[in-house]
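The values are calculated or read from the model by the stated rules, or taken from the named source; none is laboratory data. Predicted model, so just to flag it, every value in this text is computed and none were measured. Cβ sites come from the backbone with ideal geometry, for glycine too, and all protein chains shown count toward neighbours.
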Amino acid sequence: MWKSKDLPELLRAVAQYRDYGHLDRIPQWEERLRVNELELRQFAALPHEDAQPQFTAGLPAAAEKPAAAPLSNGAPGTALAIAASVRRGEVSVSEIAEAYIARAEAAAEMNLFTAFDADLVRKEARDLDDRAAKGEDLGPLAGVPVPVKDYMFVRGYPRTGGTKAMPASLDHDDAPVVANLRAAGALIGGMTNLHELAYGATGINPHFGAVANPGHPGHIIGGSSSGSAGAVVAGLAPVAVGTDTSGSIRLPSALCGATGFKPSYESISREGVMPLAWSLDHVGPIAGNVRDAALLFAVMAGRAPEICVPPSDLEIGRLRFGKPTNHFYEEVDGEILARLESLITLLAGEGHAIVPTPLSAVENCLPIHVQTVSAEASQAYWQALAEHPELLGEDVRVRLEVGQFLAAVDYVKAQRLRTVQRDALQAAFADVDVLITPTIATTAPKIGATSVIIDGAERPLHPALTRFTTPFNQSGLPAITLPCGVNSAGLPIGVQLAGAFGSDEQLLRIAAEVERVIAKMLA
């Protein structure tokens, strides 16, 4: 680890070697490295492993898929119910579009979108109605409004990545994931706002405005898929598309009360999706409930909804819930712990087994993550940083800048450590069906906070938000957050479930059972 007196000269030498310049920013670089000093020191102390460096999250064969079940309708207002009504001819897509446009325009001050074109929404609705009039079955998302994170190609909209440091992409067709949505009859509902370049956990964007946390003014919504989570919880749309590198689907979902699903690595195509960190990035759904999340996942992944969407009368049998004995229940807000314990007690009362589960190596997740995401993100956006750094927001600019100061040997070491962590997590599922943890150690912090207080101790903001989500990006295992009520201040609490690699459909079925028990607990 660097000595304090040597750090400025080291930063100067590296920046000059890379021909980056901007040496007047050395104090900002020092300050940012101090933010991660604990993780950097922990990383330096970790042993070198002989494991094969992990550059993707490839794992053993996927888990057995559950049997297909008839796709039943959802509750009124859900994606399942909207699609069923359109397919039965009870409502036109144009009627749905007008109601959606009205809601979106009424929520303009929430900064949910980077781009929203009401005329384009109307045109696409008419096109869908014309297809339906010809007798065409529009598909499992017939007429469902689906806002899409401004991090992927969507025909008719600019792709900005939430930044002004690069020209917005305009000459493109849909990314494959968006093409799958259209093929299933979805009504594309605009481009949602995000933390700039998806590189942050607050949802505060200096170019398009801070995304509001619905119902909780003064508190962050979380990032980076901020506008997508906000659009669902604010009631604009039943589902939305997000991406997740450190928890960017699960964090805003947990902080504002949505269901957010990060599927197994590469189960949904990332072609046409901007990179933040190639080996950590995932695409996934945000929704108001598990069945809608499963429907959107199925469509985006090109899978059969009948297999992915849990039946409304699900009978799942006795499950084994792994409750980690380390890391995930440490340094957590007391009200969150109490809520999780109540849920776990109820799950046991429903006949499910609660299995104490030690997880080796998982405590190294943040040191590994700092090395991995810093290197990959800085390389992904080095051209923008080199050409127009002044156009980047300060928080993102300095994080991209410091990536150049981390050594390549440490990046490879981090990938070796990821392999060890991944194998340890995967091995846990020999004895349990699912892991159950808090999604985040705290509820939504106030806007502008740089730290949070947990049980009387001050914790840096970003680690407090991402400690429990990053292990599943590093391992590529699927994980989902469910709303689990609120604390005494009315702020949402999230519970996270994680499954073995490739067990996406089974994890969604388990999540539906947990959702049922949560509803019983909150009734």
ask   = Would a scan of segment 99-107 turn up a residue that is closer than 19 Å to residue 177 by Cα, in contact (Cβ under 8 Å) with a residue 24 or more places away in the chain, aromatic (Phe, Trp, Tyr) and assigned by TED's automatic domain parsing to the domain that holds residue 240?
value = no
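Check whether at least one residue in segment 316-334 is under 28 Å from residue 237 (Cα atoms) and among the small types (Gly, Ala, Ser), and report yes or no.
no
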key: Every residue from segment 213-234 that is assigned to a loop (DSSP other than H, G, I, E, B) and either farther than 12 Å from residue 288 by Cβ or touching a Gly at 6+ places or on another chain (Cβ under 8 Å) (or both)   = 213, 214, 215, 216, 217, 218, 220, 221, 222, 223, 224, 225
Residue under evaluation residue 112, criteria (1) crowded, with 16+ Cβ neighbours inside 10 Å; (2) at pLDDT 95 or above; (3) out of contact with any strand residue (DSSP E or B) (no Cβ under 9 Å at 6 or more places or on another chain); (4) not β-branched (Val, Ile, Thr), criterion not met = (3)
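Name the residue, out of 154, 148, 177, that is under 18 Å from residue 243 (Cβ atoms) and part of a helix (DSSP H, G or I).
177
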ask   = So is residue 124 over 30 Å from residue 257 (Cβ atoms) and not assigned by TED's automatic domain parsing to the domain that holds residue 393 or not?
value = no
task = May I ask you to say which residue of 477, 435, 417 is in contact (Cβ under 8 Å) with a residue 12 or more places away in the chain and assigned to a strand (DSSP E or B)?
result = 435
ask   = Here are some residues: 316, 354. Which one is surrounded by fewer than 20 Cβ atoms within 10 Å (Cβ to Cβ), at pLDDT below 95 and β-branched (Val, Ile, Thr)?
value = 316
Top-ranked residue of segment 454-474 - restricted to ones that are part of a strand (DSSP E or B) and among the charged types (D, E, K, R), ranked as surrounded by the most Cβ atoms within 10 Å (Cβ to Cβ) = 459
request  = Only one of these is within 21 Å of residue 222 (Cα to Cα) and surrounded by 24 or more Cβ atoms within 10 Å (Cβ to Cβ): 261, 297. Name it.
outcome  = 261
Complete set of residues in segment 498-508 that are crowded, with 24+ Cβ neighbours inside 10 Å and not in a loop (DSSP other than H, G, I, E, B) = 498, 504, 505, 507, 508
query = Of the residues 128, 71, which single one is farther than 20 Å from residue 286 by Cβ, buried (at least 17 other Cβ atoms within 10 Å of the Cβ) and at pLDDT below 95?
reply = 71
inquiry  = Anything in segment 480-492 that is touching a helix residue (DSSP H, G or I) at 6+ places or on another chain (Cβ under 8 Å), in a strand (DSSP E or B) and surrounded by fewer than 23 Cβ atoms within 10 Å (Cβ to Cβ)? List them, or say none.
reply    = 485
Tally, over segment 9-51, of residues that are free of Cβ contacts under 8 Å to residues at least 60 places away in the same chain and within 14 Å of residue 404 (Cα to Cα) = 9
